[in-house]
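Have a look at the structure below, then the notes.
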Amino acid sequence: MDQFLQTLMGALAIGSLYALIALGYTMVYGILKFINFAHSDVVVLGAWGSLVFARWAERTAGWSQTPWYLGGVVLIAAMVLCGTVGFLVERLAYKPLRRAPRINVLITAIGVSLFLQNTGQLEAVFGTRPASIPRLVGDRTIAQIGLVKIEMLDVVGLFTALSFMLGLDWLVFRTKIGRAMRAVSFNPQTAGLMGVPVDRVISFTFVLGSMLAATGGFLWALKYSQVNQPADTGWTLLGLKAFVAAVVGGIGNVRGAMLGGLAIGLLEQFGSAYLSSSLSDVYVFSLLIVVLLFRPSGILGSTAVEKV
Amino acid sequence: MSHETPPTPGLVSSLVRGYMPFVVAVGVAIVMQVVVRPNVDPYPAKLLLDIGINCILAVSLTMVNGFTGQFSMGHAGFMAVGGYASGAITYYTSMRVWGAGEARGGVLSGMLGGEGLPWLTVGDGLFLFSLIVGGVVAAGLGYLVGLPSLRLKGDYLAIVTLGFGEIVRVVIQQTSPVLTSAEEVRQATILQLPTHVGGSLGFSGIPYYTGLFWVYLGVCVTLIVAFRLKTSTFGRAFLSIRNDEIAAEAMGVNTTRYKVWAFVIAAFFAGIAGGLFSHTLGVGLSPEAAGFLRSFDVIIMVVLGGLGSISGAVAAAIIVTLLPEWLRGVAEYRMIIYALALILIMIFRPKGLFGVREVWDRATWAWLSRRKSGTGARGGARE
């Protein structure tokens, strides 16, 4: 029972991170119909950006104790940074390819991913060594059930992730810009004819996705405190798993991405706890293949009829 | 009505048609080993070897990503499977039969080639056999991966193949350490041996059979098959899928079948390349060989060369192999330069440097003369 609860907590914590990152993939896929391979690198940027900013703030301010609001400020800084980068990437790399075949956009996305990764690797940027982020959230246990401790850190992470997801859900389904996003995703040409500023909506989507990625990176850095070098394969794997989450939930579907993220988190954590921990990546990719074979549109996705 | 129906050109006939090129291939490979190798230093020889292996990888991936217009990102996975399979065969067979894991090749194998040895020995036969088995194992996996996932389009396929490469890497990491003594090897059953390939530490002790002869034989065979595929009915079907899948289907091309074939053939050659790679002196075969960084390298070659241009892929393989040597001073910028090149090529030359054309097609250089009137195709070619 204790192990079950512990695993469940872990699964929720990691699943909500996957969900946050999956949202970025799913929104971009919904609108532009391509996998934004560079998304995982924006997550890295979020993690490293928060790390650098938190360190800088601690050094310059010289607090004896980290103030409670520093976490929020760091998060906002990371979001602004990632949002800017996301905007620039879309403008400079993807926009010229609006009418190009999908495979070209895919290759460009790989190029952007490699570019961000290896720029981050430069000594002048983040360097090639892992670093650790200062403690931004108090190291406290808030509740204890049996042997299972519920850590402050996990609760804050889960709460942040969930509130961002709810906020996004509201944005997409209840606001004007959200309606524009859905319209462009449904049919860009028609949306354009109806007066939706398509390019601006696409930019907005990228900025939004990148900000969520920043949040994901920030929470990741907080959770594991050690942040690996930007080209570490773990980051690419993280991105891939988040993408799998988006596909499992139904790509292009915002709520599906959240559900998929949690599903992947549960599968991975319970698989590791009860079967074999070294094969956790294999479970995730096997799930992907199974979903693609039997329900390619994902859990919540609707099957689109292909028009010739 | 007894007139003969014309033979339908199938895969086999289009591959085996004419044996002359293969004779030439053997000739080229022998020249590389016997004439070129003794006259260059070990370091350039190693570069020649790397270029050859990368050529095989790039040309084989061209069949999937170029001819057929699919997008495989797990090429390193096939390569690693081939490498491990053939490495396990030569290593454990040598241990079982001769009691030691060293290479027992003739003049044509290895980087040195001994004096007074026969040109080919039993060891070389074993190596060739292991290469082919490695290729077949990789091709079998290519079939397994290809069959279900080719129902998927573009991006999904990319992700599944990427996931496949990762699964290969993780599975290899779980294997047990290499058996190093002859007794252990003799006691183990045949089925146990494939699980002892080193895990995350890497598979060391594979005999060094790979030399310029084997690599360039592989390169030539790959090139012959690729060119013949491209100009055969089979290859036309590939290209038709790439150009317009729906139209191809409407014309009666069994798109799934051809896509799977492209996958299987490409995986076979990737497996061969893996076998050549794993038997190279100074190469530690590790699970990382299946990682996506390696796959990305091959993709860069294919895209640079032009998706579908065989000679372009070869040229790009040469450039990508030599570039780190030229960029040694700015090594940390190397990947950034690749990445920018990838993006810029996609934006300004969406079909890659050469497109589907070959380097010697005049039309390839037409864009140069069009832009600068006065310089002809030859003037462009020099740039």
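Answer yes or no: is there a residue in the range A:12-23 that is within 14 Å of chain B (Cβ to nearest Cβ) and either closer than 20 Å to A:MET165 by Cα or not in a helix (DSSP H, G or I) (or both). Before you say what the answer is, go through the steps one by one.
Let us first name the residues in the range A:12-23 that are within 14 Å of chain B (Cβ to nearest Cβ), namely A:22.
In the following step, the residues that additionally are either closer than 20 Å to A:MET165 by Cα or not in a helix (DSSP H, G or I) (or both) were identified as A:22.
For the range A:12-23, residues within 14 Å of chain B (Cβ to nearest Cβ) and either closer than 20 Å to A:MET165 by Cα or not in a helix (DSSP H, G or I) (or both): present.
Residue-wise test of (1) closer than 14 Å to A:ALA13 by Cα; (2) within 17 Å of the chain's Cα centre (by Cα).
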position: A:SER132; (1), (2): no, no
position: A:THR141; (1), (2): no, no
position: A:LYS149; (1), (2): yes, no
position: A:VAL155; (1), (2): yes, no
position: A:SER163; (1), (2): yes, yes
position: A:ASP169; (1), (2): no, yes
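Checking the condition closer than 22 Å to B:GLU288 by Cβ and modelled with pLDDT of 85 or more, which residue from A:PHE243, A:PHE270, A:PHE285 passes? Step through it out loud before you land on a result.
Details: A:PHE270 fails: closer than 22 Å to B:GLU288 by Cβ; A:PHE285 fails: modelled with pLDDT of 85 or more.
Within the list A:PHE243, A:PHE270, A:PHE285, the selection yields A:PHE243.
Quick one: which of A:PHE270, A:PHE204, A:PHE164 is assigned to a helix (DSSP H, G or I) and over 26 Å from A:ALA78 (Cβ atoms)?
Numbers: A:PHE204 fails: over 26 Å from A:ALA78 (Cβ atoms); A:PHE164 fails: over 26 Å from A:ALA78 (Cβ atoms).
Just a single option satisfies the conditions, and that option is A:PHE270.
Residues checked against (1) surrounded by fewer than 19 Cβ atoms within 10 Å (Cβ to Cβ); (2) not hydrophobic (A, V, I, L, M, F, W, C):
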residue: A:LEU153; (1), (2): no, no
residue: A:LEU168; (1), (2): no, no
residue: A:THR190; (1), (2): yes, yes
residue: A:GLY195; (1), (2): yes, yes
residue: A:THR205; (1), (2): no, yes
residue: A:THR215; (1), (2): no, yes
residue: A:GLN226; (1), (2): yes, yes
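Among A:ALA38, A:ALA54, A:ALA47, A:ALA22, which is in contact with a strand residue (DSSP E or B) (Cβ under 6 Å, 6 or more places away or on another chain) and surrounded by 23 or more Cβ atoms within 10 Å (Cβ to Cβ)?
Working: A:ALA38 fails: in contact with a strand residue (DSSP E or B) (Cβ under 6 Å, 6 or more places away or on another chain); A:ALA54 fails: in contact with a strand residue (DSSP E or B) (Cβ under 6 Å, 6 or more places away or on another chain); A:ALA22 fails: in contact with a strand residue (DSSP E or B) (Cβ under 6 Å, 6 or more places away or on another chain).
After ruling out the rest, the residue left standing is A:ALA47.
The sole residue among B:GLY308, B:GLY291 that is at pLDDT below 85, surrounded by 24 or more Cβ atoms within 10 Å (Cβ to Cβ) and within 14 Å of another protein chain (Cβ to nearest Cβ) is B:GLY308. In the range B:308-338, which residues are touching a Lys or Arg at 6+ places or on another chain (Cβ under 7 Å), of a type in the set (A, V, I, L, M) and in contact (Cβ under 8 Å) with a residue 60 or more places away in the chain? Once the filter is applied, which keeps residues that are touching a Lys or Arg at 6+ places or on another chain (Cβ under 7 Å), of a type in the set (A, V, I, L, M) and in contact (Cβ under 8 Å) with a residue 60 or more places away in the chain, the range B:308-338 yields only B:ILE310.
Does at least one position in the range A:273-284 carry a residue that is away from chain B (no Cβ under 13 Å) and crowded, with 16+ Cβ neighbours inside 10 Å? The answer is yes, given that some residue of the range A:273-284 is away from chain B (no Cβ under 13 Å) and crowded, with 16+ Cβ neighbours inside 10 Å.
Scanning the range A:170-188 for residues that are among the polar types (S, T, N, Q), surrounded by fewer than 19 Cβ atoms within 10 Å (Cβ to Cβ) and either assigned to a helix (DSSP H, G or I) or at pLDDT below 90 (or both) returns a single hit, A:ASN187. In the range B:329-345, is there at least one residue being at pLDDT below 75, away from chain A (no Cβ under 14 Å) and surrounded by fewer than 18 Cβ atoms within 10 Å (Cβ to Cβ)? Yes: one or more hits. Of the candidates A:SER50, A:SER40, the single residue that is within 14 Å of chain B (Cβ to nearest Cβ), hydroxyl-bearing (Ser, Thr, Tyr) and under 23 Å from A:PHE126 (Cα atoms) is A:SER40. Picking from A:VAL254, A:VAL248, which residue would you name as being under 16 Å from A:SER16 (Cα atoms), buried (at least 17 other Cβ atoms within 10 Å of the Cβ), over 12 Å from the mean Cα position of the chain (by Cα) and within 12 Å of chain B (Cβ to nearest Cβ)? Just a single option satisfies the conditions, and that option is A:VAL248. When you scan the range A:71-78, do you find a residue that is under 18 Å from the mean Cα position of the chain (by Cα), within 13 Å of chain B (Cβ to nearest Cβ), modelled with pLDDT of 90 or more and buried (at least 19 other Cβ atoms within 10 Å of the Cβ), even just one? For the range A:71-78, residues under 18 Å from the mean Cα position of the chain (by Cα), within 13 Å of chain B (Cβ to nearest Cβ), modelled with pLDDT of 90 or more and buried (at least 19 other Cβ atoms within 10 Å of the Cβ): absent.
Do we find that A:PHE126 is at pLDDT 90 or above and among the aromatic types (Phe, Trp, Tyr) in this structure? Full working, then the answer.
Working: at pLDDT 90 or above: no; among the aromatic types (Phe, Trp, Tyr): yes.
No, not satisfied.
Scanning the range A:87-142 for residues that are within 9 Å of another protein chain (Cβ to nearest Cβ), assigned to a loop (DSSP other than H, G, I, E, B) and aliphatic (A, V, I, L, M) yields a count of 2.
The numbered conditions (1) more than 30 Å from A:VAL137 (Cα to Cα); (2) away from chain B (no Cβ under 14 Å); (3) among the basic types (Lys, Arg) are all true for A:ARG295 except (2).
Checked against (1) surrounded by fewer than 17 Cβ atoms within 10 Å (Cβ to Cβ); (2) in contact with a helix residue (DSSP H, G or I) (Cβ under 7 Å, 6 or more places away or on another chain), B:LEU193 passes all but condition (1).
Among the conditions (1) away from chain A (no Cβ under 13 Å); (2) under 21 Å from B:VAL225 (Cα atoms); (3) aliphatic (A, V, I, L, M), B:LEU322 misses just one, which is (2). The residues listed here are B:GLY154, B:GLY165; of these, the one that is within 14 Å of another protein chain (Cβ to nearest Cβ), farther than 18 Å from B:ARG257 by Cβ and at pLDDT below 80 is B:GLY154.
Inside the range A:223-237, can you point out the residues that are under 22 Å from A:ALA263 (Cα atoms) and more than 12 Å from every other protein chain (Cβ to nearest Cβ)? So that I can check it myself, show each step before the final result.
Applying the first criterion (under 22 Å from A:ALA263 (Cα atoms)) to the range A:223-237 yields A:223-224, A:234-237.
Those that are under 22 Å from A:ALA263 (Cα atoms) and more than 12 Å from every other protein chain (Cβ to nearest Cβ): A:LYS223, A:TYR224.
The values are calculated or read from the model by the stated rules, or taken from the named source; none is laboratory data. Remember, it's a predicted structure, so these values are computed and weren't measured experimentally. Note: ideal-geometry Cβ built from the backbone for every residue, glycine included; neighbour counts use all protein chains shown.
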